[in-house]
């Protein structure tokens, strides 16, 4: 699964949230063992810009995010192949009292990231499609 996902990253040009509120373009930079996505588009409150790092580490995938206020990458999750045919988190990313889990699913035209956020005031699922 990780190998197929890794090759799919080269095809991605767009990102869209399942609810259609976010739509943007994706550009890719490739480095040995690393691929960086630059997402830019429009959301419900205006423009958005995200920079994501996908880093292959053996049979694991590291997902990190570049935050404007920090110089370094913020490591979010480590994902591994599941028996069900997708990539899933080993353990959640913790931000305050909130726990973030993710699952990456290959699709016909790309992949989707399914986020689950659990916390005292949160209990949501967000899906982004990359194609």
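In region 104-131, whose amide N lies under 16 Å from the spot 7 Å out along Cα-to-Cβ of residue 80? List them in ranges.
Under cut-off, by backbone N: 104.
Give me the distance in nm between label points sitting 7 Å out from Cα along the Cα-to-Cβ direction at residue 42 and residue 122, one decimal.
Spacing of the two 7 Å Cα→Cβ label points: 2.7 nm.
Suppose only helical runs count, i.e. DSSP H with n ≥ 4. What mean residue ellipticity at 222 nm does that imply for the chain under -39500 (n - 2.57) per run, divided by all residues and rounded to the nearest 500 deg cm²/dmol?
-1500 deg cm²/dmol
Would you order 90, 69, 36, 104 from fewest to most other beta-carbon atoms within 10 Å of each residue's own beta-carbon?
Ordered by Cβ neighbours within 10 Å, fewest first: 69, 90, 36, 104.
Restricting things to alpha carbons, find the Rg to Rh ratio for region 48-90 using the Kirkwood radius for Rh.
My calculation puts Rg/Rh at 1.06.
For residue 11 and residue 67, compute 0.36 nm times the residue count separating them, minus their Cα-Cα distance, and round to one decimal in nm.
Separation in residues times 0.36 nm, less the Cα-Cα distance, equals 17.7 nm.
Given that just one value was derived from the coordinates, which of (i) 44, 35, 9; (ii) 20, 19, 16; (iii) 61, 16, 11 is semi-axes √(5λ) of the Cα gyration tensor in Å?
Correct label is (ii).
Roughly what would the spin-label model give for residue 18 and residue 114, points 7 Å off Cα along C-beta, in nm?
It works out to 0.7 nm between the two label points.
Expressed as a whole number of Å, what is the distance separating the alpha-carbon centroids of region 33-75 and region 1-16?
So the separation of the two Cα centres works out to 14 Å.
None of the figures in this text is laboratory data; all of them are computed from the coordinates on show. Remember, predicted model here, so these are calculated numbers, not experimental data. Note that each Cβ is placed from the backbone with ideal geometry, even for glycine, and that neighbours are counted across all protein chains shown.
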